[in-house]
1. Of the beta bridges DSSP finds with both residues in the chain, what % are antiparallel, to the nearest 5?
2. Determine the shape class of the range 40-130: with a ≥ b ≥ c the square roots of the Cα gyration tensor eigenvalues, call it rounded for a/c under 1.5, and otherwise prolate if a/b is greater than b/c, oblate otherwise.
3. Work from the charge dipole of the range 1-102 (Cβ charges, +1 for Lys and Arg, -1 for Asp and Glu, about the Cα centre) and give the residue of 34, 60, 13 farthest towards its positive end.
4. Which value, in Å² rounded to 10, gives the accessible area of residue 503 with a 1.4 Å probe and all protein chains present?
5. Could you size up the charge dipole of the range 1-158 around its Cα centre, putting +1 on the beta carbon of Lys and Arg and -1 on that of Asp and Glu, and report it in debye to the nearest 20?
6. Given [x] 25.1; [y] 30.6; [z] 23.3, which label gives mean projected area of the Cα convex hull in nm² as computed from the coordinates?
7. Would you mind classifying the range 390-502 by shape? Square roots of the alpha carbon gyration tensor eigenvalues, ordered a ≥ b ≥ c; an a/c under 1.5 is rounded, otherwise it is prolate if a/b is larger than b/c and oblate if not.
8. Restricting to DSSP H runs of at least four residues, report the calculated mean residue ellipticity at 222 nm for the chain, -39500 (n - 2.57) per run over all residues, nearest 500 deg cm²/dmol.
Amino acid sequence: MAYDHIIIGSGINGLVAAAMLARKGDRVLVLERNDRLGGTLRTEEVTAPGFTHDVMAATWVLFMTSPAGAALGADLAAHGMEYCHTPHPTAVLRPNGEALVCTTDRAANSATWEALAPGDGAAHARDVGGIEADAPFLFALLGGSLWSWPMARLMFGQMRKRGPRGLAAWMGSALTPARAWLETTYQSPLVQALWAPWVLHCGLTPESTYSGQMGKVIAFALEAAGAPVIKGGSGAAVKAFESLITSKRGELRINADVDGILVRDGRARGVRLTGGEEIESPSVLASVAPGQLYDRLLKGVNLPQDQAAAKAFRHGRGNFQLHYALSGQPEWIAPGLDQVALIHLTDGIDTVSKSANEAERGMLPETPTICVGQPHRLDPSRCPEGKAILWLQIPDAPRLIKGDAAGEITARDWATAREPFADRLEATLRRHIRNFDAIKMARRAYSPADLEEMNINLVGGDPYGGACSIDQFFLFRPFAHSTNGTCPVRGLIQIGASTHPGHGLGGGSGFNAAKRLGA
């Protein structure tokens, strides 16, 4: 066989697995059905010439701080990948003009929080300090192979350290929803509003089980490592991966749509492309959603338990992206936001909860939670000098539209609802940027349906690989009977956002799979 491994899909997990295995010396082939590599890592001039936008994924803190980033960082840097930083990773801006900025200085953040409400500064230090103290254990749970002897040894060590009741108490507290965490820990509505929207980026809501712990993890990560972007855009990272993989004799093919995985005697033997070409390999890694894997790639293979589970697998809320080219710098209605990487526009926990609930019920949110990125502040190469770009992500859009919570948009499909919904978002943006009308040059909107059209794994525009509720996460991702992405077909490993450790740019499932294969 010409290849030791075939990897279906060139998103972050496919690229990480390919880089790890190629660096080991294995012959690797990456097959991408689209006309470009990268999955959600896509950088284009979508608004105006000279204005470079990350169409989807943009922030690289998860990769920079991940085991995959640690293993591949030096090699990727040698192939041209460069991070761009700001000491002001995130902020919240409320409709009344109040704002709060989180910096990468814990002491400064604690002092600011304390000035807002006595005790809030100490609570912040306690929260992020607790994550830091538990980091080896916590991040192993969040990113490691859960069904493994190293994890068993780690759990046994924690049992000895904490005692059975102590470990149970730790697990119980980790399941606290974000609303309960924020409302019982912080008195300042501004501090509550700063962290509440971040749980949406985990595919959760303020009421979701374990969303409080994820909020603390995000607070720790942003404060410790910031919210870096890639110089030149996420597409530049894809080029660095491609250069690294090919330098190690790996191959990557675009416009190579895999129609099926070849299975003989219960073992993967390679793949078949839509044109009929068959490529043999004893090892196949499939970075696809469960529906793609079991309804398409393994169609005709008798796997009743997994096929039934794939049909019951639930996808989460959709994602909406909106990009702007601006002729000048935005003048925010609150000071201190010029150099912030990511700004949430929301009034607080209740507003975040309301918009997420509306989206989950198929409604266009009346007041969507908006995340505004200013990548040109970190990377001036993104646009001409003196100009600006804005990257807007709305993580609470419905996958299928049943109605409009505001009673204004009558369309029930994204093809006709996209621009009216973008108008709603723009009206919110205009209220927060004084000179918006004067500097607006062009915009480009992407609905959940548009995102799925660009990447079939974003089912209904869901960027998280499936609903992230506790019954579909950790040990139970993608299915309750799953074990580290392995399938009943020997030699086949499922990777990607639909498998543990889930979504984001950490590359965790690709890294874990490569390690299991000897990388």
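The values are calculated or read from the model by the stated rules, or taken from the named source; none is laboratory data. Predicted, not measured: the structure shown is a model, and the values here were computed from it. All Cβ positions, even for glycine, are placed from backbone atoms using ideal geometry, and neighbour counts span all protein chains on display. Just so you know, the surface numbers come from the protein's heavy atoms only, side chains and all, with ligands and any DNA or RNA stripped out. Shrake-Rupley method; radii C 1.70, N 1.55, O 1.52, S 1.80 Å.
1. Beta bridges within the chain, antiparallel portion: roughly 65 percent.
2. Oblate.
3. 13
4. 40
5. The dipole of the range 1-158 has a size of about 440 debye.
6. Computed from these coordinates, mean projected area of the Cα convex hull in nm² corresponds to label [z].
7. Because a/c hits 1.5 or more and a/b exceeds b/c, the range 390-502 counts as prolate.
8. Counting only the DSSP helices, I get -11000 deg cm²/dmol.
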